[in-house]
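Colleague: Structure below; questions to follow.
The values are calculated or read from the model by the stated rules, or taken from the named source; none is laboratory data. Note that the structure is a prediction, hence the values are computed from the model and not measured. Every residue, glycine among them, receives a Cβ derived from its backbone with ideal geometry; neighbour counts consider all protein chains shown. Accessible surface areas use protein heavy atoms only, side chains included; no ligands, DNA or RNA. Shrake-Rupley method; radii C 1.70, N 1.55, O 1.52, S 1.80 Å.
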Amino acid sequence: MYTKTMNKIDFSKEELSKKIENYVKTYGSSYIDATIAVSEIESMEYDIISKLLSRPILEKIQEEGRGLNLLPKSKNKLPFA
């Protein structure tokens, strides 16, 4: 459960990841949109939610960003994949 008291956050990465994953599955949205929606639903600031994102969620957001040309393309990806 998320509780915010005087800049103290009590919300685990696992709980946040589950909420984002459930949002993606339920509404068929992107991870970027799901993260924004969950942050608005939970009344969390973007700088706070960014610190709580798990590595798999961050990687999915980065991949979406690359696909939308918001981030530079990764050099490690094969060109025919």
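Colleague: Out of (1) of a type in the set (D, E, K, R); (2) over 18 Å from GLU14 (Cα atoms); (3) open to solvent by 60 Å² or more (accessible area, probe 1.4 Å); (4) modelled with pLDDT of 90 or more, what's the single condition that is false for GLU64?
Modeller: Single failed check for GLU64: (3).
Colleague: Out of (1) out of contact with any strand residue (DSSP E or B) (no Cβ under 8 Å at 6 or more places or on another chain); (2) open to solvent by less than 20 Å² (accessible area, probe 1.4 Å), the odd one out for LYS25 is which?
Modeller: Evaluating LYS25 over (1) out of contact with any strand residue (DSSP E or B) (no Cβ under 8 Å at 6 or more places or on another chain); (2) open to solvent by less than 20 Å² (accessible area, probe 1.4 Å) leaves (2) as the failure.
Colleague: Select, from THR35, THR26, THR5, the only residue that is modelled with pLDDT under 90, out of contact with any Pro (no Cβ under 9 Å at 6 or more places or on another chain) and of a type in the set (Ser, Thr, Tyr).
Modeller: Only one candidate passes the filter, namely THR5.
Colleague: Here is a further query. Any idea how many residues of segment 28-53 are surrounded by 14 or more Cβ atoms within 10 Å (Cβ to Cβ) and among the small types (Gly, Ala, Ser)?
Modeller: Residues that pass the stated criteria total 5.
Colleague: Just for segment 9-18: of the residues that are assigned to a helix (DSSP H, G or I) and farther than 24 Å from ARG66 by Cβ, which one is most open to solvent (accessible area, probe 1.4 Å)?
Modeller: My answer is LYS18.
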